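**Student:** Take this structure first; my questions come after.
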Amino acid sequence: MSRLAALKNDMEGCSRCSLCKWIPMAQIKSWRFAKVCPSVDRYNFHAFSGGGKMIIANSILEGRSELNEAISEIIYKCQLCGACQVSCQAYRDDIDLADVLLALRAKCVEEGLILPEHQFMIDSMKREDNTLGMQKCDRGKWADGLDLVDVNTQEVDVLFHAGCRFSYDEDLRDSVRNWVVLLRNSGADVGIAGKEEACCGGRAFEIGYQGEMRNYAEDMASRVRASGAKLLVTPCSDCYYTFKYLYPKNGLDLGVKILHTTEYADSLIKENKLRPKKNVPMRVTYHDPCHLGRRGEIYKSGWSGDNKLLRPVKFKQTGNMGIFDPPRNIINSIPGMDFVEMERIREYSWCCGAGGGVYEAYPEFASWTAKDRIVEAKATGAEAIVTACPWCERVFNDEIEESGEDMKVYDVIDILAMSMEGK
Amino acid sequence: MGNKENIARIVGNDRIITDKEALERYGSDSSFVLGEVPEFIVKLRNLEEVQKLVMLANEDGFALIPCSSQGRRFKGDTVPGVPGAVIADLSEMKSIVRIDKRNKVAMIEPGVTFGDLQAAVEKEGLRVEMPLHPKKTKSVVASLLDREPTTGPKYNWDATDPLGCLELIFGNGEMFRTGNAAGPGTLEEQWAAGQAQKMPMGPAQTDIARLIQGSQGAFAIATWATIKLELMHKIRKGFFVAGQSPDELIDFTYKILWRKIPDLCLILNGADLAAIYGKDSTDMPPWVLIYSISGLDHFPEERVRYLEDDLGEIAREFAVTPTQHIEGISAIKLMDVICRPSDEPFWKLRLKGGCVDLFFLTTLDRTSEFIEVMDIQIAEYGLPKENLGIYIQPIRHGTGCHIEFSLMYDPENSEETERVKALLNSASRACIDKGGFFSRPYGAWADMIYKKCPDTANALKKMKDIFDPNGILNPGKLCFGKGVRA
Amino acid sequence: MKLLPKDMYGELENVLGENNISQEPGVLDGYAWQPIFSLTAQKWIPRPAAVALPETTEDVQAIVKICNKYGVKFKAHSTGWAAWGGPSEEGELQIDLRRMNKIIELDEKNKYAVVEPYVCCGQLQAEAMKVGLNCHIIGAGPNTSILASTTSGWGYGGTGLSTGYGGRNPLGVEWVLPDGEVLKLGSPGCNAGWFSGDGPGPGLRGIMRGFSGTQGSLGVFTKCAIKLYPWYGPKEPKVDGVLMDVQTEVPETEKMFWIVAPSFEKFADLAYKIGNAEIAYWFCRSPLNAGIDLFIPRAGDRIFESKALRTMFKAFEHLGVALLSSESKREVEYQEKVLRKITLETGCILLDLTKTPGYGFWWWTMGVRSILTALTFRAGGDFLTSYGSPMEYDNAIKQAEVAMKVKQKFIDEDYFKDDMSDIGWGGIYEGTANWGHCETAAMFDRRDGRAEGRQRYLEESAESTVEHTLGLGLSNLPPGAWKIYGPKLFNYHLWQAKIKKAFDPNSTGDEEWYVPSIDEIQT
């Protein structure tokens, strides 16, 4: 049975309530910021919503319509942010919306309906082990001058995985460097793979190349094993989601503890090993990256069966076990910081716009999505939007540059660094 | 034109009035509506007679003007617009068919007056939400069908309130019942199942009762109506808040309505207050908000006490001073007066002998604008201020208000009468232009307002063609033509 | 698949732009999947020939006129939840009003808001609360369109005691008729604002809807002024959680109670007294056993197998939930005193929820935001509802009693989940009015393909409303119900059919959920 066919019961369970278009009803605080699905908000036809895509899937399975270019465009115009699943699963136990969306991507690839931009990413991965069309040999350059341990030659306790975006994006260089230095300064025996680091493969999975991710996962696993590390830390939310959710969901186990850098820093602060001291008087808000927040929730293994109505609630991927508090704890630990929340936060956060291959294939849609988030940030009175994902930072920066909006974008490490005496 | 013999076959000869004086009394009323003297007045007794008369009117092609109230009329809606009309007089259908104490509803025939009804329901510990001090002979059913505002905005949820259900004969002679009275089941079966014909919606996807209200008898004749009732208070206290202008009272009014505190709640100017009490308006405060609070079945004194305490706080917040007496008038006594039908002469006629009203709907925060318009108008037409009564009635929980200007004049003075007629015309136009919503367009207002909403007029004409295809019911009213077809 | 006439699509494209019209089959199926109240064995309702996304009233007019020109039927929906939102036959145009989503005006003093079709109840409530107001949220939940339920649906809701019934809350309305002309009901038609919906003269709101609406069969409503009601709670409550994990602080002037009556009759007595006493922000029946399938559906099967537990739940069958709410502490104290007295007078038991952990959850999700009803999908993925005719409350409660017996037969035949049958939900409306409703839902999994039995249940429930004189209620819901009920209720269907003809001379508005034109009935 195909991946899609295996989810037919989920599709058939949809009642067309359209809750997948809204933040959970309990959380609506205004007319303006009540919506949660960028796809249907932008393109309006029901087909663009999470529920609408499930109907498309069912329609294809039943031979009522075919998967063609127009339909594949609907499937691809989606950041796979997972907000629809959160809203749906607030009520429903028997529908795994996100799985259907991912299966639809795989189906598109199987049918040869591939976007050239996605093809570019896959080709780049195959050739150069990254999604950005950059050269593999340049991957470790972000760490130049830091004199970090090379795990290809030496075993370490902690393997720091930068991820593709942080490895190559020069605008974000300070952030990734500050993260790894923070780890080192905390006394961690940390190392990096440098140019031997490769893509986690998560993006490949999302754009429908599920088999490709497996290749990268196996590569990652062997690298982790070889490094001797007991702990894998990454500053990239996409990689985090891939390690914590996609790998185990697909039967892949890295065999080590996995933390996002914000979790790591949060524990340091709790243990009093990290003491932000300098006053940073700034009003900020925090953007929950989808892949760190709701999608960063660990894969809840342990149940199998045909009838999800019988699945215990604890196995639902509701998204509430994602990483929400550590970044907030860090912000709140910084003296002088005036932290205000947006309306759409935590597991019902509005997507930055970059995920699911949208940044690459539909930049205007990504930008439109980011703009909505920046408007929401501005509505809090914040001067800066802080986040914990390089893809969010990239797309926010692009949009702000384009629009000239007066809003700064920081990674959590950036404001932490401002508050640390010395560096 | 109606044929007396044919009509006599329905009601009997002695129920047909041809007395010239009696007929002439229907040919005009205290409005300035010009019309025709009817051919006959037919005194109807029951549903069957009503239905037969309507069917006869269709066969023979004469106009029928339903009329339930007796005595002097003020709005022109029962003045025949065409010659040869027959007055369908329902005033002797005076049965209070049923009072359901548990469901607080009464079923009444069209001839029942507020006084009749009030006396009957009070015996059951209930009371009637009624318009302000209505005329003694006013039919309750007519008032409901006119959508007359009642004095308790808290109990007024929708424009149709306090109407429940209706039993009707449409202009084509077919019978209908609205709301849950429509069925399934006979009335007796419904009563046995715990129903009381109080729920006004439907049946199904149409609120026919809503169409009949405001139609000035042009769609159907009602043979009974149900009216929702309220519990009689165990204790009631009345209050005044006086002001130099309504603006001083409006915000406080909005707040107490938001809190759902007052039962009765309305604003009168000094002239209206004086007219009710037969006093000189110069003795009255220019404006007064009148409201009541009450204790019901459970801990009535405690209820009144906490409401007074809360009102005290609100009054301080809005810098107003509620009192229970004003210029020698006790609020509670005033309420006893205005919550009952007026003695003769009707209170609006006491000052000068004549009165014509200009009323429409607006919102409380706009009332000053319209008062300003009227001030200019009366100055232009030489009506003294003390002859202008103003009544502001919050409706529908305060989401809107009825504003009523009473132009009191001496009808024996032909010059004054002409001036007031011209004033009414001019002021009506001015208020429409200012955005007053003339939801009950009597007389000349009909033309004025339907010019503003031709889409509504078109839609209503379609309704007229459905419910009264031959145009026999009250032709020429609202936006309907005068043609009567056999 | 039936397409639109050749040139029609082009004309629509010219009006809307190519991005706002589609005839792509996969997109159209997004409008053909309407499992709620699709009572046939078919899983899909007819697929539209195209779907159009208007942004303005002028767009809607143009679309409707084009439909008239080409003789193509249309059906419009707002949020589009349920089969009545979609076409009843192939070849129709679906109008999706999603782009018309603004709150145009919110008048704090005069307590109304003017909204477009795609404003959901949750959005309006959130904005209204900021200025001390509340809107009526229907039982289906805050994700529904407030305009749709007010102009075209029913209007039941748990807060009815304070927020009325949906169908009695419209004020001014802007309506694109099936011939494409615009009719403005009430004050907006005379440029007098939006605050009033009836007149001049007769109330044309009466043809827009009765206790139920025409479900889009008489055109498209593009704006509606909605009556709002006082809200005494916090203006911007701080709520954590998404649903089951909701927590919030509740002010002491918001007090919620469970009151358990020993019988249907005593429950009715309780309701009458509460209404007459002019207390409570709302009062709604909600048997405890109903909560099992909402909150722990997987345990439901086990729990209801136990005779001992069934007995226990039976004791809590006639459970009413009351919320007291005021700006004034004195008022809440007084109301509580009265409520306790009424409880004693009627032989009931009162439980004070304010003392329980998780009170905030109940207050917010059930009491204020009306979210919980959608949990009816948890047990089986689907549910239907019936009875629930708005009636004097003695009769409303009788409906629950009759429903219980009829539904039980179908539980025994395994068409519905066993939930002890009586989950009659509904409360009293409009303060002292003494009328209310009590509808009885039933849960099932439509994926088992046994739609025939559920159809039979609806037919039998409709028959029982006639037999026991229980009004129309939700049993008049299915298409064609007018054939059964019309002749019993003074041929209301013929009057409606004449109205249909008068306003829709070309029969362009899909009439499936209303009545056809009089010409079609009489031929």
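All of the numbers you see were taken from the coordinates with simple rules; none came from a lab. Note that the coordinates shown come from a computational prediction; the quantities given were computed from them, not determined experimentally. Neighbour counts run over all protein chains shown; Cβ positions are idealised from the backbone, glycine included.
**Student:** Whose amide H sits under 5 Å from the amide H of A:Lys35, counting only residues 5 or more places off or on another chain, with H placed in the peptide plane?
**Tutor:** A:Ile23
**Student:** Convert each backbone phi in the stretch C:80-92 into a coupling constant with the Karplus relation 6.51 cos²θ - 1.76 cosθ + 1.60 (shift: θ = phi - 60°), then list the ³J(HN,Hα) values in order as whole Hz, x for Gly and Pro.
**Tutor:** x, 9, 2, 4, 6, x, x, x, 9, 8, 5, x, 8
**Student:** A further question follows. Calculate, for B:Ser426 and B:Glu301, the FRET efficiency according to 1/(1 + (r/R0)^6) with r their C-beta to C-beta distance and R0 41 Å; round to the nearest 0.05.
**Tutor:** 0.20
**Student:** For chain B, just say rounded, prolate or oblate: build the C-alpha gyration tensor, square-root its eigenvalues into a ≥ b ≥ c, call rounded for a/c under 1.5, and beyond that prolate if a/b exceeds b/c, oblate if not.
**Tutor:** oblate
**Student:** How high is the FRET efficiency from B:Thr417 to B:Asp283, r the C-beta distance, R0 35 Å, rounded to 0.05?
**Tutor:** 0.80
**Student:** Here's something else I'd like to know. Taking the Cα centre of the stretch B:347-445 as origin, work out the dipole magnitude from +1 charges on Lys and Arg Cβ and -1 charges on Asp and Glu Cβ, in debye rounded to 20.
**Tutor:** Dipole magnitude for the stretch B:347-445 comes out near 380 debye.
**Student:** Also, quick follow-up: Pairs of alpha-carbon atoms within less than 8 angstrom and 6+ residues apart define the contacts here; what relative contact order does chain A have, in percent?
**Tutor:** Once normalised by length, the contact order is 17 percent.
**Student:** Is the stretch B:235-338 best put as rounded, prolate or oblate by its Cα gyration tensor, with a ≥ b ≥ c the root eigenvalues, rounded for a/c under 1.5, and otherwise prolate when a/b is larger than b/c, oblate when not?
**Tutor:** Cα axes put the stretch B:235-338 in the oblate bin.
**Student:** Something else now. What distance in nm lies between label points placed 7 Å from Cα along the C-beta direction at C:Ala299 and B:Glu92?
**Tutor:** 7.2
**Student:** Further question: Can you compute the label reach from A:Arg3? Point 7 Å from Cα along the Cβ direction, backbone N cut-off under 13 Å, restricted to the stretch A:179-209.
**Tutor:** It comes to A:202-209, nothing else.
**Student:** Over the alpha carbons of the stretch C:338-437, what is the largest minus smallest coordinate on each principal axis, giving the biggest first in Å?
**Tutor:** Cα extents, longest axis first: 44, 32, 25 Å.
**Student:** Out of the DSSP beta bridges found with both residues in the protein assembly as shown, what percent are antiparallel (nearest 5)?
**Tutor:** Percentage antiparallel, nearest 5: 75.
**Student:** Let me ask something else. Given 0.36 nm per residue, what is the gain on full extension from B:Ile17 to B:Ala192 after removing their alpha carbon distance, in nm?
**Tutor:** 58.9 nm
**Student:** Take the alpha carbon atoms of the stretch A:117-172, find their center, do the same for the stretch C:465-480, and report the distance between the two centers in whole angstrom.
**Tutor:** Going from one Cα centre to the other spans 68 Å.
**Student:** Then there's this: Over the stretch C:481-522, calculate the relative contact order: mean separation of alpha carbon pairs under 8 Å at least 6 apart, over the residue count, as a percent.
**Tutor:** 37
**Student:** Below 8 Å, C-alpha to C-alpha, sequence gap of six or more: please give me the relative contact order for chain C in percent.
**Tutor:** Once divided by the residue count of chain C, the mean separation gives 15 percent.
**Student:** Arranged by the count of other C-beta atoms within 10 angstrom, fewest first, what order do A:Thr387, B:Thr321, C:Thr57, A:Thr318 take?
**Tutor:** Final ranking by Cβ density, sparse to dense: B:Thr321, C:Thr57, A:Thr318, A:Thr387.
**Student:** Starting from the 7 Å offset along Cα-to-Cβ, what nm value, one decimal, do you get for the label separation of A:Trp368 and A:Glu383?
**Tutor:** So the label points at A:Trp368 and A:Glu383 sit 3.3 nm apart.
**Student:** Taking amide H positions as placed 1.01 Å from N in the peptide plane, with prolines and chain starts having none, which residues 5 or more places from C:Gly213, or on another chain, fall under 5 Å of its amide H?
**Tutor:** Hits under the 5 Å cutoff: C:Gly153, C:Trp154.
**Student:** Evaluate E = 1/(1 + (r/R0)^6) for A:Cys137 and C:Ile104, where r is the Cβ-Cβ distance and R0 equals 51 Å; express this FRET efficiency to the nearest 0.05.
**Tutor:** 0.30
**Student:** What does DSSP give for chain C in terms of the percent of beta bridges that are antiparallel, rounded to the nearest 5?
**Tutor:** Here the share of antiparallel DSSP bridges comes out near 85 percent.
**Student:** For C:Trp231, C:Trp175, what's the fewest-to-most ordering of other Cβ within 10 Å of each Cβ?
**Tutor:** The most exposed by this proxy come first: C:Trp231, C:Trp175.
**Student:** What does the convex hull of the Cα atoms come to per residue for chain A, in Å³?
**Tutor:** Here the figure is 134 Å³ per residue.
**Student:** Run lengths n ≥ 4 of DSSP H only: what is the helix-derived mean residue ellipticity at 222 nm for chain B, with -39500 (n - 2.57) per run over all residues, to the nearest 500?
**Tutor:** Mean residue ellipticity, 222 nm, calculated: -10000 deg cm²/dmol.
**Student:** Still on this structure: Using the structure shown, list the pairs from B:Lys52/C:Lys500; B:Lys154/C:Lys184; A:Lys53/A:Lys249; B:Lys123/B:Lys234 with a Cα-Cα distance above 19 Å, or answer none.
**Tutor:** B:Lys52/C:Lys500; B:Lys154/C:Lys184; A:Lys53/A:Lys249
**Student:** When the label point is put 7 Å from the Cα of C:Lys409 along its Cα-to-beta-carbon vector, which residues of the stretch C:449-481 have a backbone N closer than 11 Å?
**Tutor:** Correct set: C:456-464.
**Student:** Between A:Arg173 and B:Asp465, what is the spin-label point distance in nm, taking each point 7 Å from the Cα along the Cα→C-beta axis?
**Tutor:** Distance between label points: 8.0 nm.
**Student:** Next question, about the same structure. List the residues of the stretch C:395-434 whose backbone N lies under 19 Å from a point placed 7 Å from the Cα of C:Thr311 along the Cα-to-Cβ direction.
**Tutor:** It comes to C:420-421, nothing else.
**Student:** So, one more: Rule-of-thumb check for the stretch C:138-188: C-alpha Rg over 2.2 N^0.38 Å?
**Tutor:** That works out to 1.28 for the stretch C:138-188.
**Student:** Then there's this: So which residue, out of A:Val233, A:Val412, A:Val340, gets the largest mean-square fluctuation from a GNM of chain A using Cα contacts under 10 Å as springs?
**Tutor:** Per the Cα network of chain A with a 10 Å cutoff, A:Val340 tops the list.
**Student:** May I ask you to give the average projected area over all directions of the convex hull of the Cα atoms of the stretch A:65-205, in nm² rounded to one decimal?
**Tutor:** Answer in nm², one decimal: 11.8.
**Student:** Given a cut-off of 53 Å, what percent of all Cα-Cα pairs of the protein assembly as shown lie beyond it?
**Tutor:** Here the tail beyond 53 Å accounts for 32 percent of pairs.
**Student:** Here is a further query. Give me A:Tyr299, A:Tyr91, B:Tyr155, C:Tyr393 sorted ascending by neighbouring Cβ count inside 10 Å, so fewest comes first.
**Tutor:** The most exposed by this proxy come first: A:Tyr299, B:Tyr155, A:Tyr91, C:Tyr393.
**Student:** Follow-up. Please list, in order along the stretch A:17-26, the HN-Hα scalar couplings obtained from phi with the Karplus expression 6.51 cos²θ - 1.76 cosθ + 1.60 (θ = phi - 60°), rounded to whole Hz, x for Gly and Pro.
**Tutor:** For the stretch A:17-26, the Karplus curve yields 6, 6, 5, 5, 8, 10, 5, x, 4, 5 Hz.
**Student:** Given N residues in the stretch C:481-522, what is Rg(Cα) / (2.2 N^0.38 Å)?
**Tutor:** Compactness ratio reported: 1.06.
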